[in-house]
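Let me begin by presenting the structure, written as C-alpha cells, before commenting on it.
None of the figures in this text is laboratory data; all of them are computed from the coordinates on show. Computed from a predicted structure; not experimentally measured. When we count neighbours, we look across all protein chains shown, and the Cβ atoms used for this are built from the backbone with ideal geometry, even at glycine.
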Amino acid sequence: MQHINFSKNKTKTILSKNIFFNYLVFFILIYISLSSFIYAKVNIVVSYGYIESIVKEIGKDKVDVFSISSSRYQDPHYVVPKPSYVVKLSKADLLIINGASLEIGFIPVLIKQANNPKINPGNIGYLELSNYFDLIDKPKLLSRDLGDIHPEGNPHFYLDPYNIIPIANIIYLKLSEIDKTNQSFYEKNFENFKQNFSTKLSEWDKKMENFKGVKVFQYHSLYDYFLRRYGIELVANLEPKPGIPPTPKYIENLLEIAKNEKVFFILQDYYHKDNYSKYISSKTNLKILYLPHDDQNIYKLFDEIVNAFYNSKN
C-alpha cells in the first residue's frame, strides 16, 4: 500500500493559500493606491467667496475648496489668521488670492506658517488674480498721509462683472496645469460657465442702461470698476482718504456737494458702519443703496448689486 503524506500535502495547501492571500492583498493595495491617485481631488484654498464660487463652477467634483473669508460683513483687508487656516494651507495644492495687496494683512503670515512650498509665491500652486488685470487708481505717490492705499492700484477689479469670465479663464488654465488629466473636464465646465454668465451679463446690462450719468457717493473705494462699467459718475467717497473716517468739516462739504451736484445715491457696503451714510441721507434725502462686496455665489453677488440700482427707481 502506498503511503500518503497528508501532512506534507496539507502544508503545501496552506502555503498556496497564504501566497494567494498575499497576492490578493498586494493587488488590493495597488488598486486602492491607484484609485486614490486617480480620483484624488485638488485641494484649493482661496481668500474670498467670489473666488470660491468661480472655482466650483470650473472644478466641480474634482476639487475641494476652502474660502478664508466669504462674508459680506467681513472687511476683506482685515481677516484674523486662525490655526485652522494654517492646516488647510499646509495641505493645499493651490492657493488663489485676489492680490493687489488686498490680503497683505493675513495671507503672507499664513503662507509662512503653513510651510507648504507648493503655494509659495512664484510656484505652481500660487495664483494671484490681480496680476492679469490693468488696475485703476494707481497712486503716483506712496505716503501714510494718503491713508490705506494699495500701491498696485484699486484691488476690487472683480466687481466689474465683465472681468469675471477672464478670471474664470485664468482659473481654468491653472487647474489644467496642476491637474492635466482632467483638462478637458475643466475646459467643458469653463465653456458652460462662460455661456451662462454671458446670458446674465446681457440681463444686467439691460437693467443698468438707464443709470448712465447718474451721480453717486460711496463710502469706500469698492465699486469704482462697476461704476465705470455702467457710466455712473462717482462724485466723492465718504472717506476723505482710504480707511480714514470723515470729519465733521468733510461731512459738511459733502452735504454742499450733494445739493449742488444733484447726487442720487449713497453706496454703502455691509462691513463699514453706515452712520455717516445715514446722517447725510437724513440731511439730503439721498437714498442709501446697500451693496455686497463679496459672496459665495458669483451670480448672487451681481444680482444683488444690479437689483439694488434697478429697484431704486421702481
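General remarks:
- Amide N of region 111-140 lying under 20 Å from the label point, which is placed 7 angstrom from the Cα of L173 along Cα→Cβ: 119-136
- Net charge of neighbours whose Cβ lies under 13 Å from the Cβ of Y270, counting Lys and Arg as +1 and Asp and Glu as -1: -4
- With 10 Å bins beginning at zero, the pair-distance distribution over Cα atoms of region 138-271 amounts to 11, 29, 29, 19, 10, 3, 0 %.
- Anisotropy class of region 78-218 from Cα gyration tensor, a/c 1.5 cut: oblate
- Shown here for region 57-111: chymotrypsin sites (Phe, Trp or Tyr not before Pro) in loop regions (DSSP other than H, G, I, E, B) with at most 16 other Cβ atoms within 10 Å, namely Y73, Y78.
- Each Lys or Arg adds one and each Asp or Glu takes one away; over the other residues whose Cβ falls under 11 Å from the Cβ of E152, this sums to -2.
- Rounded FRET efficiency, nearest 0.05, which uses the C-beta distance separating T181 from E252 and R0 of 51 Å: 0.20
- Taken over region 205-312, the convex hull of the Cα atoms encloses 95 Å³ per residue.
- Legend: ranking of residues R72, R228 from fewest to most surrounding C-beta atoms inside 10 Å; resulting order R228, R72.
- Panel order for I178, I51, by other beta carbons found within 10 Å of each beta carbon, from fewest to most: I178, I51.
- Net charge of the neighbourhood of A100, taken over other residues with C-beta under 11 Å away and scored Lys/Arg +1, Asp/Glu -1, is -3.
- By the rule of a C-alpha distance below 17 Å, with chain neighbours fewer than 8 residues away ignored, the lysines paired with K273 are K241, K287.
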